[in-house]
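Notes for the one structure printed next.
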Amino acid sequence: MRAIPFCFFLSLAAQLASGQTTPVDWQTLAAEFAQDEAAASTKYQGQMITVTGPVSGIAQGDMTTDNPAVAVTLSTSAGPGPDVKCLFQNEDLAQNTEIYVPDDGSEAVLRKRDTIGNVISSEPLVQTGQQVVVTGSFLRFDAGDIVLQHCRLAGGAAQ
């Protein structure tokens, strides 16, 4: 009988305790919704989903939720169907931190401000064309998009 290392069980337990799931490719998720939207919506309702894919677009002020968010879209021009819209909300960030998107929509930047509102630092969050791993809570299937809210990049980059 082959012994399984104890560290494997510790890793698995940590993933289960933190609610982490095995990442699913955005195309697999999109195909699931394209095949049977109602069944996929029921399956993912209230669930945390970890999805991988290329960033095809970034938009500030997305009004899909009550609190405007930055929408990072995972897709390619080749399809296969619905895009995955990942909403990063400023309310989920540390105090005096915000997500800023320049007018060209090519990137999202984390900016920190001091107590009087001056920008004291900024660091890249995500850029179009970048391959990312995002975890978010399934919100709904809306206007042809699979919408995840309260999103975070793998490793907690959007903190």
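The values are calculated or read from the model by the stated rules, or taken from the named source; none is laboratory data. Quick caveat: nothing in here was measured; it's all calculated off a predicted structure. Note that each Cβ is placed from the backbone with ideal geometry, even for glycine, and that neighbours are counted across all protein chains shown.
Some notes on this structure:
- Of the residues making up region 33-53, at least one is closer than 21 Å to S106 by Cβ and not hydrophobic (A, V, I, L, M, F, W, C).
- Residue-level check: of (1) in a strand (DSSP E or B); (2) exposed (fewer than 14 other Cβ atoms within 10 Å of the Cβ), T115 misses just (1).
- Count - residues of region 135-153 that are under 8 Å from the mean Cα position of the chain (by Cα) and under 11 Å from T73 (Cα atoms): 1
- Pair list, Cβ < 9 Å and 6+ apart or interchain, from region 86-111 residues that are on the phi > 0 side of the Ramachandran plot and part of a loop (DSSP other than H, G, I, E, B) to residues that are at pLDDT 90 or above and of a type in the set (V, I, T): N96/T115; N96/I120; G105/I58; G105/T128
- Residue in region 100-121 that is touching a Phe, Trp or Tyr at 6+ places or on another chain (Cβ under 7 Å), more than 21 Å from T52 (Cβ to Cβ) and modelled with pLDDT of 90 or more present: yes
- Among residues of region 58-97 being within 15 Å of W26 (Cβ to Cβ), of a type in the set (S, T, N, Q) and surrounded by fewer than 19 Cβ atoms within 10 Å (Cβ to Cβ), the one that is modelled with the highest pLDDT is T76.
- Tallying residues that are touching a Phe, Trp or Tyr at 6+ places or on another chain (Cβ under 8 Å) and crowded, with 16+ Cβ neighbours inside 10 Å within region 122-148 yields 6.
- Segments classed as helices (runs of 4 or more DSSP H), wholly inside region 1-50, with at least 1 members that are modelled with pLDDT of 50 or more and exposed (fewer than 10 other Cβ atoms within 10 Å of the Cβ): 37-44
- When we screen N96, N90 for residues that are touching a Pro at 6+ places or on another chain (Cβ under 9 Å) and polar (S, T, N, Q), the only hit is N90.
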